[in-house]
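Notes follow the structure.
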Amino acid sequence: MRYAIFGDIHANLEALDAVLNDAAENGCNGYVCLGDIVGYNANPSECLEKVKELGCAVIKGNHDEDCIRENPMKDTNPIAREAQRWTYEQLSPEQREWLKDLRYVRQVFDFTIVHSSLDQPQQMHYIINKFDAMASMAYQFTRLCFIAHTHIPQIYTKTDVVEPFEGSEIVLENGVKYLVNPGSVGQPRDGDWRASYAIFDLRSGTISLRRVEYDIATAQQKIKEAGLPDFLAQRLAEGV
Ligand code: ZN
């Protein structure tokens, strides 16, 4: 089994298509979605249908949770709030229901998936350092857990933090716990505009990080045409 592990799609259909094509070309036969299918960009409904069609394991992200509310959370920043309102309108009642039913944590084969962290998954904490990672690992009962939420590819063990780059591959060692963030498909924030995801090969026990170019001009054009904040189009090019 070769899993494509991807999350933080954020309604960027061009990026999602590019990732799914790349995964197929690289022999992936399993898919796992780490949440935040919707929010920010212009194709929430299309991205949701595409993920649904894969029939893969999916967990709930904070935007999936927020965009099915008629009124967003109070502490949401104004740009996210505008996108949230717009997204809510785009989703059908069935699609909102589908998002609502997603779980926060799941186990797939012998690994765990959660959007934020395993300690208080519903609080949507960000794992940005070793201490956050250790708090999550205290609740990690599989050797491997995939997370998302920060939009930055990172691999944590109890002793190390690695920032994986395109093509970098780690071989899982026995007896070591891993917390792996494959970065974001639809809104990377590590300064590289290309869509980010990981391939986990079960047989060889390796995880490789992939960066994929996509039709960013079309994604940006759609954001403008939808009347979403301009900044959302700009940030895609900057990878922030
Ligand atoms: Zn996100």
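The values are calculated or read from the model by the stated rules, or taken from the named source; none is laboratory data. Since this is a predicted model, take the numbers as computed values, not measurements. Note that each Cβ is placed from the backbone with ideal geometry, even for glycine, and that neighbours are counted across all protein chains shown. Areas reflect the complete protein model, heavy atoms only, side chains present, ligands, DNA and RNA absent. Shrake-Rupley method; radii C 1.70, N 1.55, O 1.52, S 1.80 Å.
Based on Cα contacts under 8 Å between residues 6+ apart, the stretch 193-240 shows a relative contact order of 34 percent. For the stretch 134-175, the list of GluC sites (Glu not before Pro) that fall in a loop by DSSP and count at most 14 other C-beta atoms within 10 angstrom reads E166, E173.
Sequence-distant or interchain residues sharing an amide H contact under 5 Å with Y178, placed H: which? Close amide H contacts, sequence-distant or interchain: L144, C145. Annotation: for a label point projected 7 angstrom from Cα along Cα→Cβ of N77, residues of the stretch 222-240 with backbone N closer than 18 Å are 228-240. Among F146, I170, G191, whose Cα lies farthest out toward the positive end of the dipole of the stretch 137-193, if unit charges sit on the beta carbon of Lys, Arg (+1) and Asp, Glu (-1)? Value computed over the given set: F146.
Note on the chain: with neighbouring protein chains present and a 1.4 Å probe, carbon and sulfur make up 47 percent of its accessible heavy-atom surface. The dipole here belongs to the chain: it is taken about the Cα centre, uses +1 on the Cβ of Lys and Arg and -1 on the Cβ of Asp and Glu, and is about 560 debye. Measuring max minus min along each principal axis, the C-alpha atoms of the chain give extents of 50, 35, 31 Å (largest first). Measuring against 25 Å, Cα to Cα, the residue pairs K52/K100; K100/K177; K52/K130 contain K100/K177; K52/K130 as the ones spanning a longer distance.
For the chain, the solvent-accessible area of protein heavy atoms averages 44 Å² per residue (probe radius 1.4 Å; ligands and nucleic acids excluded). If only the Cβ of Lys and Arg carry +1 and only the Cβ of Asp and Glu carry -1, the dipole of the stretch 98-240 around its Cα centre is close to 360 debye. Its Cα centre serving as origin, the stretch 117-198 has a Cβ charge dipole (Lys and Arg +1, Asp and Glu -1) of approximately 200 debye. Between Q122 and E213, the C-beta separation translates, for a Förster distance of 41 Å, into a calculated FRET efficiency of about 0.70.
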